[in-house]
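Contents: one structure, followed by commentary.
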Amino acid sequence: MRVVALAGGVGGAKLVDGLARITSPADLTVIVNTGDDFEHLGLWICPDMDTVVYTLAGLANPDTGWGRNDETWNFLETLSALGGPAWFRLGDRDLALSVERTRRLESGEPLSSIADHFCEGFGVSVQVLPMTDDRVATLVLTVQGELPFQQYFVALGCEPEVRGFRFEGIQDSRPAPGVLPALEEAQLIVLCPSNPWVSLDPILAVPGVRSAIAGKQVVGVSPIVGAQAIKGPAAKMFRELGIEPSALAVAEHYRGLLSGMVIDSQDASLADPIRSLGLGVRVTQTIMRNPLDRKKLAEEVLALAGERLAETEGGL
Ligand code: FO1
């Protein structure tokens, strides 16, 4: 089965890793959010892209989920001692990626080609594509005004109350080469358990992406378990926008796109309400604590897709 996964950072990367463990690399493409990308210390930083690549390469920091394993922090410590902006924690190994990416971008190479090159360098054979090669910046509309995403997320620890989001540059952005062909050929599109508002919505807002997905088999995994996000501010964002966070709220958020949803055993009581939206549902453990959990969750996603396919073919 040809699978395309839409992913943001840590949660998305883990499921992508699970999918990579049960799918041949030729049958898996990952489309990654670039709305979190930003310029810092003169470097172009791509947190979600790097998180996905490190995770697939088995090099991700096991404590944070982002950044590198076996990291050292000499650069950051020296920067801090000199009074430089050390709020965004770039480790020594991680730094090399951003330096080399910036050098290549400045010489005119597109982000998609750089991603390809980095994947090859790290021995990642799955195709990892940025959603676009164009500059798109997620801005968080808060009670304190409009904030650049990393300012809101890292510098302010997601503290300011959210009123909405804006993806600057999205109207003029084009899907990166390979994005639309992968979506067109896909037999299954997976909406990873990433933040719906700031990780997957930017991908879905790239012109052409939503229409390429429409009518396809689309299975989502809820990033909300109980009323909490597994990681990050998703639940807080739902609440501040006046929506009770739950797997049902996630299903409603993606209304019109999804054919099925995998939810956590803790949310078993939401299976029927989600089924009433016309979706297939599988209930399982969705919290991925280790590589086996990632693989099992990926198997559940494919199983749900298989069930839905059989129902459609059987004319149900
Ligand atoms: N997240 C943090 O909470 N604090 C950091 O200092 C931080 C540094 C960082 C460096 C490189 C990188 O690739 C990611 C990093 N992240 C950090 C994660 C990142 O900001 C977010 O997880 C994503 O943008 C949201 O998906």
Consider all pairwise Cα distances in the range 150-272 and report the whole-number % of them above 22 Å. 39
L241 to E168: extension gain in nm, 0.36 nm per residue of separation minus the Cα-Cα distance? 24.3 nm
As a test of understanding, state the convex hull volume per residue of the range 55-165 from its alpha carbons, in Å³. 142
Would you mind checking the range 216-255 for residues with the amide N under 16 Å from a putative spin-label position 7 Å along Cα→C-beta of R275? 248
So, taking all protein chains as they sit and a 1.4 Å probe, how much accessible area belongs to R2, in Å² rounded to tens? 80
Counting heavy atoms of the protein chains only and a 1.4 Å probe, report the per residue accessible area for the chain as a whole number of Å². 42
Between R89 and S113, what is the label-to-label distance in nm when each label sits 7 Å out along the Cα-to-Cβ direction? 3.5
How would you rank 17-25, 43-51, highest first, on the average number of other Cβ atoms within 10 Å across their residues? 43-51, 17-25
Hey, what D do you get for the chain in µm²/s if you plug the Kirkwood alpha-carbon radius into Stokes-Einstein at 10 °C and 1.306 mPa s? 80
For the range 176-182, in residue order, the Karplus 3J(HN,Hα) values (coefficients 6.51, -1.76, 1.60; θ = phi - 60°; whole Hz; Gly and Pro = x) are 4, x, x, 5, 5, x, 5
Using only alpha carbon pairs under 8 Å that are at least six residues apart, calculate the relative contact order of the chain and give it in whole percent. 19
Restricting to Cα atoms and excluding each atom paired with itself, what does the Kirkwood estimate give for the range 1-121 in Å? 15.1
Measure off 7 Å from each Cα along the Cα-to-Cβ vector at N290 and E161, then give the distance between these two points in nanometres to one decimal. 4.3
How are the Cα pair distances of the range 1-70 distributed, in percent, across 10 Å bins from 0? 22, 49, 25, 5, 0
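The values are calculated or read from the model by the stated rules, or taken from the named source; none is laboratory data. Predicted model only: the values in this text are computed from it and were never measured. All Cβ positions, glycine included, derive from the backbone under ideal geometry; neighbour counts span all protein chains shown. Accessible surface areas use protein heavy atoms only, side chains included; no ligands, DNA or RNA. Shrake-Rupley method; radii C 1.70, N 1.55, O 1.52, S 1.80 Å.
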